[in-house]
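Read the structure below first, then the notes.
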Amino acid sequence: DPDDFARQLERDLRAFCEAHVPALRSDAPEPGSWTRDESPFRGLLAFRPEHAPVFFGRRAARERLLAQCERQAAAGRAFVLILGQSGCGKSSLVQAGLVPWLRSVGAGGIAAGCWHWARLQPGAAGDGLLPALAATLLGLEVVRSGLSDSGYGAAADLADLLHRLADPSDHALLHRPLRAAVAQDARVLLFIDQFEELFAPGGPDAAAQTAFVAALAALAASERVWVVATL
């Protein structure tokens, strides 16, 4: 069958090359195969960080995204919006491209092991956008432990703080505890997936939209959080 043929062809070609092209001979083991109990072909399902070993073909896009994130962070507004048609791979680019790269290599002068990430989908916010955003941030140990020392260890407390950020001049309200919470040599990547849900019919009203965007703006200016959204 086709699968048997593919395996035999690869085995025979490898043996032929090793026999007739000495420069290709190597004692290195063959590349590992995908052994998870799921297909490496995700279809319309988004790739996640654990699928990075089988996520190929997006290196140039990943490098452009990373460069844009670094430029925005250097300018004090660490926010990048990825635009694209539904199903074109925006979420996969972030989750299986950018996130594993940050974890393994680092970026912006931040070491690989100092990157943490969280994902929020506005349409799944449930009781409200700001409480969901607060719970998402507090889901990260690096944020939760530090904010609790500043008196914002509960989601309701942090949501109240985020609600007070409509005026950019008040962003320092968040920056001080956030900078205390997240060490200077660490960063958080906050991934807002399917950002269009913020504007969907029957979704949040204008006041809730404004408050949520203001909170994201404050986070992006905090020097501790990169915000990447897909739309």
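The values are calculated or read from the model by the stated rules, or taken from the named source; none is laboratory data. Being a predicted model, the structure only gives us computed values, none of them experimental. In this analysis, Cβ positions are derived from the backbone assuming ideal geometry, glycine residues included, and neighbour counts consider all displayed protein chains. Just so you know, the surface numbers come from the protein's heavy atoms only, side chains and all, with ligands and any DNA or RNA stripped out. Shrake-Rupley method; radii C 1.70, N 1.55, O 1.52, S 1.80 Å.
Select from segment 132-145 the residues that are in a helix (DSSP H, G or I) and farther than 18 Å from HIS171 by Cα and list them in ascending order. So that I can check it myself, show each step before the final result.
Here is the first cut: in segment 132-145, the ones in a helix (DSSP H, G or I) are 132-138, 141-145.
Those that are in a helix (DSSP H, G or I) and farther than 18 Å from HIS171 by Cα: ALA132, ALA135, THR136, LEU138, GLU141, VAL142, ARG144, SER145.
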**Q.** Number of positions in segment 176-196 that are part of a helix (DSSP H, G or I) and surrounded by 17 or more Cβ atoms within 10 Å (Cβ to Cβ)
**A.** 4
Q. How many residues, within segment 56-106, are free of Cβ contacts under 8 Å to residues at least 12 places away in the same chain and among the β-branched types (Val, Ile, Thr)?
A. 1
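Could you count how many residues in segment 115-144 are farther than 19 Å from GLN95 by Cα, aliphatic (A, V, I, L, M) and touching a His at 6+ places or on another chain (Cβ under 9 Å)?
Quick first cut of segment 115-144, residues farther than 19 Å from GLN95 by Cα only: 125-132, 134-135, 138, 141-144.
Subset that is aliphatic (A, V, I, L, M): 125, 129-130, 132, 134-135, 138, 142-143.
Now narrow it down to the ones that are touching a His at 6+ places or on another chain (Cβ under 9 Å): 130, 142-143.
Of the residues in segment 115-144, 3 are farther than 19 Å from GLN95 by Cα, aliphatic (A, V, I, L, M) and touching a His at 6+ places or on another chain (Cβ under 9 Å).
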Q. Going through segment 131-144 one residue at a time, which ones are of a type in the set (A, V, I, L, M) and open to solvent by 20 Å² or more (accessible area, probe 1.4 Å)?
A. ALA135, LEU140, VAL142
Q) Considering only residues of segment 103-121 that are open to solvent by less than 60 Å² (accessible area, probe 1.4 Å) and at pLDDT 95 or above, which is farthest from GLY203 (Cα to Cα)? A) TRP117
Q) Within segment 92-101, can one find any residue that is open to solvent by 20 Å² or more (accessible area, probe 1.4 Å) and part of a helix (DSSP H, G or I)? A) yes
(Q) Looking at segment 204-224 only, could you name the residues that are open to solvent by less than 50 Å² (accessible area, probe 1.4 Å), part of a loop (DSSP other than H, G, I, E, B) and over 14 Å from ASP167 (Cα atoms)? (A) PRO204, SER222, ARG224
(Q) Restricting to segment 158-198, and then to whatever is at pLDDT 85 or above and among the charged types (D, E, K, R), can you tell me which residue is nearest to ARG48 (Cα to Cα)? (A) ASP193
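Please go through segment 20-42 and give me each residue that is modelled with pLDDT of 85 or more and either assigned to a helix (DSSP H, G or I) or surrounded by fewer than 10 Cβ atoms within 10 Å (Cβ to Cβ) (or both), ordered by number.
Restricting attention to segment 20-42, the residues satisfying the condition of being modelled with pLDDT of 85 or more are 20, 40-42.
HIS20, PHE41 - these are the residues of segment 20-42 that are modelled with pLDDT of 85 or more and either assigned to a helix (DSSP H, G or I) or surrounded by fewer than 10 Cβ atoms within 10 Å (Cβ to Cβ) (or both).
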Q: Please indicate, with yes or no, whether at least one residue in segment 126-138 is over 30 Å from ALA156 (Cα atoms) and free of Cβ contacts under 8 Å to residues at least 60 places away in the same chain.
A: no
**Q.** Subset tally (residues that are of a type in the set (Phe, Trp, Tyr) and without any contact (Cβ under 8 Å) to a residue 60 or more places away in the chain) for segment 173-231
**A.** 1
Q | Single unsatisfied condition, VAL80 versus (1) open to solvent by 20 Å² or more (accessible area, probe 1.4 Å); (2) closer than 30 Å to ASP205 by Cα | A | (1)
Q. Looking at segment 64-77, is at least one residue assigned to a loop (DSSP other than H, G, I, E, B) and surrounded by 12 or more Cβ atoms within 10 Å (Cβ to Cβ)?
A. yes
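Consider segment 131-153. How many of its residues are of a type outside the set (A, V, I, L, M) and at pLDDT 85 or above? Working first, answer last.
Applying the first criterion (of a type outside the set (A, V, I, L, M)) to segment 131-153 yields 131, 136, 139, 141, 144-146, 148-153.
Next cut, at pLDDT 85 or above only: 131, 136, 139, 141.
Of the residues in that region, 4 qualify.
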